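Asks: A single structure is presented below for examination.
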Amino acid sequence: MLASLVATRDMVCAGLDKARVVADCVDHALGVQSPLERTFWIDSLANVIRARLPAEHANMFAAAVRRIEATFAVTPRERHDKELLEFRRWADSVDKLTREQSAEAVRFLQTYLAWSTCTVSPD
C-alpha cells in the first residue's frame, strides 16, 4: 500500500504546474476514507508548499483551502476540520513565521471558518 501511495505522490508532485499539484494533492486527500492515506496526502501537500519560496506559501495555501471548501466529497464539518488541521501544519512548519504570526494565522482561519459556516435566516 505504501509503495503505491509513494509512487502516486511522486508522479503527482513531479508536475510543473504547482497549482495543479496543490489541487491534485487536495483531491487525493479528500478522495480517500483512510485517515492514514488522508494524512499522507495532507503531509505531501505541506511538503509541496514548504518546497516553494516563502513568498508563495500563503497563495498556495489559499488555493488548497479554496479547493477543500469547494468539494462535495466530504461534509462541511470535515472540510473545515481539514482546513484548520492543514493550516496549523503549514503555519507551524514554515520556519519564517514567528510563533505569534502562526497563532495569528490560525485565529484568522478560525474566524474565516466560523464566518463561512454561518447561516442567514430569511426575514
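Read-outs: derived from the displayed coordinates by stated rules, not from any lab. Everything numeric here is computed off the predicted structure, so don't read it as measured data. Here Cβ is always computed from backbone atoms with ideal geometry, including for glycine, and neighbour counts include all displayed protein chains.
Asks: Among the residues of region 29-83, what is the count of those that are basic (K, R) and either farther than 20 Å from M11 by Cα or under 9 Å from the mean Cα position of the chain (by Cα) (or both)?
Replies: Within region 29-83, residues that are basic (K, R) and either farther than 20 Å from M11 by Cα or under 9 Å from the mean Cα position of the chain (by Cα) (or both) number 5.
Asks: Would you confirm whether any residue within region 20-28 is charged (D, E, K, R), loosely packed, with under 14 Cβ neighbours inside 10 Å and within 17 Å of R67 (Cβ to Cβ)?
Replies: Checked region 20-28: at least one residue is charged (D, E, K, R), loosely packed, with under 14 Cβ neighbours inside 10 Å and within 17 Å of R67 (Cβ to Cβ).
Conditions tested, residue by residue: (1) among the charged types (D, E, K, R); (2) assigned to a helix (DSSP H, G or I); (3) free of Cβ contacts under 8 Å to residues at least 60 places away in the same chain; (4) more than 24 Å from R79 (Cα to Cα).
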{"residue": "A3", "(1), (2), (3), (4)": "no, yes, yes, yes"}
{"residue": "T8", "(1), (2), (3), (4)": "no, yes, yes, no"}
{"residue": "V22", "(1), (2), (3), (4)": "no, yes, yes, no"}
{"residue": "E37", "(1), (2), (3), (4)": "yes, yes, yes, no"}
{"residue": "L45", "(1), (2), (3), (4)": "no, yes, yes, no"}
{"residue": "I49", "(1), (2), (3), (4)": "no, yes, yes, no"}
